[in-house]
Amino acid sequence: MQVTETLNEGLKRKLSVTIPAADLNSRLDVKLEELKGQANIKGFRPGKVPTSHLKKVYGRSAMSEVMTDAINATVSDTLDKREERAAAQPKVDLPDDQSVINDVLDGKADLAFEVEYEVLPPVTLMDIKGVKLNKPVVEVSEEEVDAEVKRVFAQNRGYTDKGEDAVVTDGDRLGLSFVGKIDGKEFEGGSSDHAHLTIGSGEFIPGFEEQLVGMKKGQTGEVKVTFPEDYQNEDLAGKKATFEVTILHVDGPNEGELDDEFAKRLGLEDVAALRKAVRDQMENALASMGRQHLKRQVLDALDDGHKFEVPAQLVDAEFNTIWQRVVHEIEHHGRSFEDEGTTEEAAKEQYRRIAERRVRLGLVVAEIGNTNEVQVTDEEHQQALIAEVRRFPGQEQQVYDYYRKNPQALASLRAPIFENKVVDHIIELGEVTDKKMTREELAKLIQADEDEVPEEHHH
């Protein structure tokens, strides 16, 4: 076997490989020996077919299998010898001339072909000890717990339809339809055929709920509001809007007290246990948001600390995955890149940078994990599968079967666990400073993270 390197540029490699006819023919003999035992040819007893006759009948088809096996084995051995890891499946180019191929199939000619691939770059790790990190700490106040307990009470105390002559009062739960307009034009997300709203809950824009009080079931009225300056959708922040609202039904709250009896109906011992459950839930949600921002700082630090060329094939594959989702989102909402304040070209450039970041971080995370012997246990893998299955109520069996039949999909559930364990490892080694902030400040930080680079999904 002869191997000549014809290209070595950055991460790109190109090799010319020749496998001698003699090598292919000896592989073919082994193959034909295997076939001898299985061949069922008229006029011959099983296992007694002469090799020369087998060659006549099966020669070419057996040789094409031999060729495929020889190519795969040769490519794999060659990379091992060169101590290179291909970033993706190497591309094999066979001769275009069919007569050349026929000669190879007939065992008369050497097999010459080209192999193209990109190598995985060597990753030199930054010092991950003592990375400076800010851990968001948000205290949950008694007032916030009070408000949340009230909301739980309002949601679960039960409501009764106030009938055809109902008039909206504070505390009622309504069904309503509405169409919102800004400067006389409807806007995305500003309409609903049937929304639910509890008056006094503050779920809608300030000023919206108050204007519904006194309206009757079936009545259509106009509500005028101004979106807050810090509204999460920047396109709407600070804008004046008019909603045409129709009251579909009005349900009044049932009598009842926020007492131990009520807590028992929710399966809790007393009001104190209800308050504790509510506080725990709020604290868990905040801890999870804080963790998200902390993880983002770790990934940003790794991104800053590692600058190396990454295989274009991997970046292309990652970019295509992201881009399909972006285009689907835009088309699904009937929008254009211009509506989003950008152009297709600029968006492509931005997402290509993100794809490159993700590939690089994927390689860095893998390297840190391997160097520090981070393992994903079978139990953790199993838990991830169960969590995934639970996301599809009613289709559990199909989802479970899908993962059982697709080892690649099952393996992909391991990646996020591995990544999170590597992140934890870095946080443990890091210099972590607690930073007190409000829930709003934390939500803003997470939003800013998302705007800069959408949430990571490494492979």
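The values are calculated or read from the model by the stated rules, or taken from the named source; none is laboratory data. This structure is a prediction, so every number in the text was calculated from the model and none was measured. No Cβ is skipped: glycine too gets one built from the backbone with ideal geometry, and neighbour counts run over all protein chains shown. Just so you know, the surface numbers come from the protein's heavy atoms only, side chains and all, with ligands and any DNA or RNA stripped out. Shrake-Rupley method; radii C 1.70, N 1.55, O 1.52, S 1.80 Å.
Within the bounds of the range 339-357, is there any residue that is more than 20 Å from the chain's Cα centre (by Cα), within 30 Å of G290 (Cβ to Cβ), β-branched (V, I, T) and surrounded by fewer than 14 Cβ atoms within 10 Å (Cβ to Cβ)? Looking through the range 339-357, none of the residues is more than 20 Å from the chain's Cα centre (by Cα), within 30 Å of G290 (Cβ to Cβ), β-branched (V, I, T) and surrounded by fewer than 14 Cβ atoms within 10 Å (Cβ to Cβ). Tallying residues that are in a loop (DSSP other than H, G, I, E, B) and either out of contact with any Lys or Arg (no Cβ under 8 Å at 6 or more places or on another chain) or closer than 17 Å to H249 by Cα (or both) within the range 182-206 yields 9. Across the range 224-248, the number of residues qualifying as in contact with a Leu (Cβ under 7 Å, 6 or more places away or on another chain) and either under 18 Å from D172 (Cβ atoms) or small (G, A, S) (or both) comes to 4.
Against the test of being in contact with an Asp or Glu (Cβ under 7 Å, 6 or more places away or on another chain), open to solvent by 80 Å² or more (accessible area, probe 1.4 Å) and closer than 30 Å to R360 by Cα, the options K81, K91 yield a single qualifying residue, K91. Residues in the range 141-196 that are free of Cβ contacts under 8 Å to residues at least 60 places away in the same chain, over 30 Å from D280 (Cβ atoms) and of a type in the set (K, R): K185 only.
Please go through the range 135-193 and give me each residue that is in contact with a helix residue (DSSP H, G or I) (Cβ under 6 Å, 6 or more places away or on another chain) and open to solvent by less than 80 Å² (accessible area, probe 1.4 Å), ordered by number. Answer for the range 135-193, where residues must be in contact with a helix residue (DSSP H, G or I) (Cβ under 6 Å, 6 or more places away or on another chain) and open to solvent by less than 80 Å² (accessible area, probe 1.4 Å): P136, V138, V140, V145, E148, V149, V168. Mind listing just one residue for me: the one in the range 36-72 that is within 18 Å of L105 (Cβ to Cβ) and among the hydrophobic types (A, V, I, L, M, F, W, C) and, of those, most open to solvent (accessible area, probe 1.4 Å)? For the range 36-72, the residue satisfying everything is V57.
Yes/no per residue for (1) touching a residue at least 60 places away in the same chain (Cβ under 8 Å); (2) within 23 Å of G305 (Cα to Cα):
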site: E380; (1), (2): no, no
site: R414; (1), (2): no, no
site: F418; (1), (2): no, yes
site: V423; (1), (2): yes, yes
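If you check K224, K295, K264, K240 for being in contact with a helix residue (DSSP H, G or I) (Cβ under 6 Å, 6 or more places away or on another chain), of a type outside the set (A, V, I, L, M, F, W, C) and either at negative phi or buried (at least 17 other Cβ atoms within 10 Å of the Cβ) (or both), only one passes: K295. Counting only strands (runs of 3 or more DSSP E) that sit wholly inside the range 1-103, those with at least 2 residues that are among the hydrophobic types (A, V, I, L, M, F, W, C) and within 30 Å of P311 (Cα to Cα) are 2-9, 12-19. Among the residues of the range 412-430, the one identified as open to solvent by less than 50 Å² (accessible area, probe 1.4 Å), out of contact with any strand residue (DSSP E or B) (no Cβ under 9 Å at 6 or more places or on another chain) and among the small types (G, A, S) is A415. Within the range 327-338, residues that are at pLDDT 85 or above reach partners that are open to solvent by less than 40 Å² (accessible area, probe 1.4 Å) with beta carbons closer than 6 Å, at six or more positions or on different chains, in the pairs F337/A347.
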